[in-house]
Amino acid sequence: MSRLDSFIRRMQAQRDCLNAAVQMLADIPGPVLDLGLGNGRTFDHLRETMQDREIFVFDRVVNSNPKSTPDPDHVFLGEADAQLAVAAARFGKSVALIHSDLGTGTSADADLAAAIVPLLVPLLRPGGILVANNRFPADAWDELPLPDGVPAERYFMYRVPV
């Protein structure tokens, strides 16, 4: 499989998982956190599919397309660990959805995910969902089945028990 084909499959998996989460969260209030703004594609998709929610993004720098850049009041700039601590103080356990697209696609991502888990657990409310490009080991969450067509291990979904 070419790198282009792999990228397309990853983007389809991301979209399908996010769309499933949007449906599951219809009756669960709370803001949305997008970890890894990148060029803003995911933020733009979340903005379209969750129009009634505040969406906050996290990244080291803002390099997104101007059409896909949130206003400065909805951006946490800096290292994820430091900014997630700031977010926890601000939001408490009220977040409905966290999308994590952090890492490099290498084995080092497991260490990154393990380091971030303790920062995410205090944010997600009961019934809240984490959609991630990496496995996130956490006893506090239930792993959800992936939407039809999403290959195992391509993307991951977790829910905080209600």
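Within the range 79-101, can you find the residues that are farther than 21 Å from Phe156 by Cβ, in contact (Cβ under 8 Å) with a residue 12 or more places away in the chain and not in a loop (DSSP other than H, G, I, E, B)?
Result: Gln83, Ala85, Ala88, Phe91.
Matching residues to (1) charged (D, E, K, R); (2) touching a Leu at 6+ places or on another chain (Cβ under 6 Å); (3) over 21 Å from Leu120 (Cα atoms):
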residue	(1), (2), (3)
Arg10	yes, no, yes
Leu33	no, no, no
Thr42	no, no, no
Leu46	no, no, no
Thr49	no, no, yes
Arg53	yes, no, no
Thr69	no, no, yes
Glu79	yes, no, no
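Would you please name the residue that is farthest from Arg9 (Cα to Cα), looking only at residues in the range 123-149 that are at pLDDT 95 or above and surrounded by 21 or more Cβ atoms within 10 Å (Cβ to Cβ)?
The selected residue is Leu123.
Hey, any hits in the range 19-27 for a residue that's in contact (Cβ under 8 Å) with a residue 60 or more places away in the chain, surrounded by 21 or more Cβ atoms within 10 Å (Cβ to Cβ) and part of a helix (DSSP H, G or I)?
Yes, there is a match, as at least one residue in the range 19-27 is in contact (Cβ under 8 Å) with a residue 60 or more places away in the chain, surrounded by 21 or more Cβ atoms within 10 Å (Cβ to Cβ) and part of a helix (DSSP H, G or I).
When you check Phe7 against the structure, is it modelled with pLDDT under 95 and part of a helix (DSSP H, G or I), yes or no?
Yes; evaluated as a whole, the condition is true for this residue.
Name the residue that is nearest to the chain's Cα centre (by Cα), counting only residues in the range 112-139 that are assigned to a loop (DSSP other than H, G, I, E, B), under 21 Å from Arg90 (Cα atoms) and free of Cβ contacts under 8 Å to residues at least 60 places away in the same chain.
Val121
Hey, among Asp27, Asp16, Asp44, Asp81, which residue is of a type in the set (D, E, K, R), touching a helix residue (DSSP H, G or I) at 6+ places or on another chain (Cβ under 8 Å), within 27 Å of Trp141 (Cα to Cα) and at pLDDT 95 or above?
Within the list Asp27, Asp16, Asp44, Asp81, the selection yields Asp44.
Restricting to the range 46-85, give me the number of residues that are β-branched (Val, Ile, Thr) and more than 27 Å from Met24 (Cβ to Cβ).
Going through the range 46-85 one residue at a time, the tally reaches 3.
The values are calculated or read from the model by the stated rules, or taken from the named source; none is laboratory data. Remember, it's a predicted structure, so these values are computed and weren't measured experimentally. Please note: Cβ atoms are built from the backbone with ideal geometry, for glycine as well, and neighbour counts cover all protein chains shown.
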